[in-house]
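Following: one structure in structure tokens, then a few remarks.
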Amino acid sequence: MSTGRASAIIASGTMVSRVLGFVKAIMLAAAIGQSGSQVAATFGLANQLPNNVYALVAGGVMSAVLVPQIVKASKAADGGESYVSKILTLGGTVFLVLTVIATIAAPVLVNLYAVSSGQDGRGFTPEQMALAIALAYWCMPQILFYAIYTLLGEIYNARSEFGPYTWAPVANNVIAIAGLGAFMLLFGEAETNKLIDVWDVDRITALGLITTGAVAVQAIVLVLFFRKTGMRFRLDFGWRGVGLRATGRSAMWLFGIVIIGQLKGLVQSRVASLGDGANILTMQNAWYVFSLPHSIIAVSIAIAYFTRMSHHASDGQIGRIRDDLSGALRGVGMLTTIAAVMLAVVAPPFARLFEQGFDGAMAMSWVIWAFLLCAVAFSAEYVIQRVFFALGDTRTAFLYASVSMFLTFALLWWASTLPAEWVIAGTALAVSIANLISASVWLVLVRRKIGPFGFRLVAWRHAQYFAYALVAGAAGFGIVWALGGYVDGGFATATKLQGVATCAAAGVVMALVYFGLLYITRNPDFRSTVALVLAKLRGRGNGGTAAPDAPAGTEPV
């Protein structure tokens, strides 16, 4: 499958999933509240725990290590089928045991990730801790379903079958949306459910079943469509002889990276539990908003490029990897820059979709703005790291993560000293500063790894994108300001529907201005992207994504 077609499949599926994910998040906020809701903070913590435990064990390891290993195994006589059966058997066994252990340990994990309220009143109350533990018992089985989804998904990716893996989260969101709708019919909306005293066994069971059931459906979709990979699965407990030892060596360093990431996440969660007003769920949904451009644009492009870079690395074609990196950075930068500016401009009316009033919308907006400071850098770092993973180098990432961890801890400590109402925004700002520094270091590391990749061209294009985005942002800001988007009682934040209308109006204007400037100035990246899309719509095209510039690998920096 061509990179262009793969990116289109991934982007379309991710976009639909993200749209439905927003609907799910909005319905969850309508059901249990968000900023100022103790129940929302409690659920945010409990539902995050299975993600944390799963990532701690192997989330990143499987994503970064399995694709190159499966690509190599596919050259075997059986097309890699034996390797895949062994990996699935091993992974399923490990994560089944882990799920049971984590479920039993739910009380310990809740107490680890949240700070109990002390004399100053900051932190989770005893009632919140009890509810978090009860919800965590229901959420922990998600670990097994996340593992099945990721294991099968990486096999789909390595076999260039991107459709099911990308579209399975759509099923997750559809089930969750339907379930939350039923929940509100049975138990009412946020005005009632944000009160922790009303949470009985029925409410806890219903919300737990809805949340975990949706994740289970996401995994089942990949099981049902597994034949599309062209492979058959058989239980195989003979885990020697197919390169698992090599996988283990590569995974060792990445496992260290994941541990460091989870240590940072643990500290971040404990700091966030000190927040008042904006809380853990506010931060999670603000991150969800922030990550929209990244997940739709950067991840979609990077996943497709990662598979191709893995093939190039296997064949020793470093020059092709340089070209891939330069093209991916320019394409990602062109789209994430304007997306970040758009989200910054419409943050208050957009946040109104999650919040019950203007004060809550502004509390969430400050968190969104803090995250957006690193939007472009965050996506660029993600792309750069795929180069190292494609080359099987996870050691470099581990060594850097070990050093950067202390910077993140220092920044999070600073956030914990802020007044309670600013703790969440401060935490988001700490994350952004750490990511900005991290992306700068990764640019140096990747040049040392693969040589000159055309950094001057990449930097110049990003400067152009930022200038055009500022012009577009100014036009959008004028519209939101005129509609009262930044003041209490304004049209833009009076109701959720009016917030949507304001975002749409400002968004259309900003898009027209930005892409209009790219068109007028004949930007090569923009023109090549448009040509690619038109070619796909007409049913032709070579699937390439490179702009008509000199190959990045031949341009010294």
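Values quoted throughout were computed directly from the atomic coordinates according to the rules given, and no laboratory measurement underlies them. Remember, it's a predicted structure, so these values are computed and weren't measured experimentally. Virtual Cβ from ideal backbone geometry, glycine too; neighbours counted across all protein chains shown.
Taking 0.36 nm per residue of separation and subtracting the current Cα-Cα distance, fully stretching the chain between LEU470 and VAL108 would add 125.5 nm.
Working from label points 7 Å from Cα in the Cα-to-Cβ sense, the LEU195 to ASP359 distance is 1.9 nm. Peptides 324-336, 206-218, ordered by how many other C-beta atoms sit within 10 Å of their residues on average, highest first, read 324-336, 206-218. Placing pseudo-labels 7 Å out from each Cα toward the beta carbon at THR205 and LEU436 gives an inter-label distance of 5.1 nm.
Using the Cβ of LEU517 as centre and a radius below 15 Å, the other residues enclosed give a net charge of +2, where K and R count +1 and D and E count -1.
If R0 is taken as 30 Å, the Cβ-Cβ distance between VAL23 and VAL97 corresponds to a FRET efficiency of 0.30.
Between ALA182 and LEU497, the modelled labels are 2.9 nm apart [label points 7 Å from Cα along Cα→Cβ]. Which of the residue pairs LYS86/LYS264; LYS194/LYS496; LYS86/LYS449 have a Cα-Cα distance greater than 29 Å in the structure shown? The answer is LYS86/LYS264; LYS86/LYS449.
Near SER116, the amide H atoms lying under 5 Å from its own belong to PHE124; only residues 5 or more places off or on other chains count, and H is placed 1.01 Å from N.
Shown for region 163-218 is the translational diffusion coefficient from the Stokes-Einstein equation, using the Kirkwood radius over Cα pairs, a temperature of 20 °C and a viscosity of 1.002 mPa s: 177 µm²/s. Between TRP481 and ILE520, the FRET efficiency estimated from the beta carbon spacing at R0 = 35 angstrom works out to 0.85. A simple packing score, the average count of other Cβ atoms within 10 Å per residue, orders the peptides 396-405, 145-154 as 145-154, 396-405, with the highest score first.
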